[in-house]
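The values are calculated or read from the model by the stated rules, or taken from the named source; none is laboratory data. Predicted model only: the values in this text are computed from it and were never measured. Glycine also receives a Cβ, built like all others from the backbone with ideal geometry; neighbour counts cover every protein chain displayed. Heads up: the accessible areas ignore ligands, DNA and RNA and are worked out on the full protein's heavy atoms, side chains in. Shrake-Rupley method; radii C 1.70, N 1.55, O 1.52, S 1.80 Å.
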Amino acid sequence: MSVRAFKTADELEGMIVEQARTLNGPWPSGMTMFVFNDSYGWSASISRPTSAADDFYRARTLDLIRTLKVSYDLDAPRC
């Protein structure tokens, strides 16, 4: 059984944005992200792109999120 580190939604969002900036450059203006608890642990929603460059950035960030889900769990109340 693997043990994943717990992070708050704000911490996960900060990590995602920081790593996305490092890998892909500045966060696109107007692009928003929301990290939330789901039935599989956590997920993140990113606003729709307004250009081809934003679409590329969004796709790379979604790939990054899939990678981070393996190592981190959302620190949220469990029912």
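If I go through segment 42-74 residue by residue, how many of them are among the charged types (D, E, K, R) and in contact with a Lys or Arg (Cβ under 6 Å, 6 or more places away or on another chain)?
Restricting attention to segment 42-74, the residues satisfying the condition of being among the charged types (D, E, K, R) are 48, 54-55, 58, 60, 63, 66, 69, 73.
If we keep only those that are in contact with a Lys or Arg (Cβ under 6 Å, 6 or more places away or on another chain) as well, we get 73.
The number of residues fulfilling the criteria is 1.
For the structure I just gave you, tell me whether D73 is in contact with a Pro (Cβ under 9 Å, 6 or more places away or on another chain) and either surrounded by 11 or more Cβ atoms within 10 Å (Cβ to Cβ) or of a type in the set (V, I, T) (or both).
On the way: in contact with a Pro (Cβ under 9 Å, 6 or more places away or on another chain): no; either surrounded by 11 or more Cβ atoms within 10 Å (Cβ to Cβ) or of a type in the set (V, I, T) (or both): yes.
Here the answer is no, as D73 does not meet what is asked.
Conditions (1) touching a residue at least 12 places away in the same chain (Cβ under 8 Å); (2) in a loop (DSSP other than H, G, I, E, B); (3) not basic (K, R), marked per residue:
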position	(1), (2), (3)
V3	no, yes, yes
L12	yes, no, yes
W42	yes, no, yes
S45	yes, no, yes
R58	yes, no, no
D63	no, no, yes
D73	yes, no, yes
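Every residue, every condition in (1) within 11 Å of the chain's Cα centre (by Cα); (2) at pLDDT 95 or above; (3) of a type in the set (S, T, N, Q); (4) open to solvent by 60 Å² or more (accessible area, probe 1.4 Å), yes or no:
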position	(1), (2), (3), (4)
R4	no, no, no, yes
A9	yes, no, no, no
M15	yes, yes, no, no
E18	yes, yes, no, yes
T22	no, yes, yes, yes
S29	no, no, yes, yes
S39	no, no, yes, yes
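Where residues in segment 41-58 are among the aliphatic types (A, V, I, L, M) and over 14 Å from the mean Cα position of the chain (by Cα), which of them is least open to solvent (accessible area, probe 1.4 Å)?
A53
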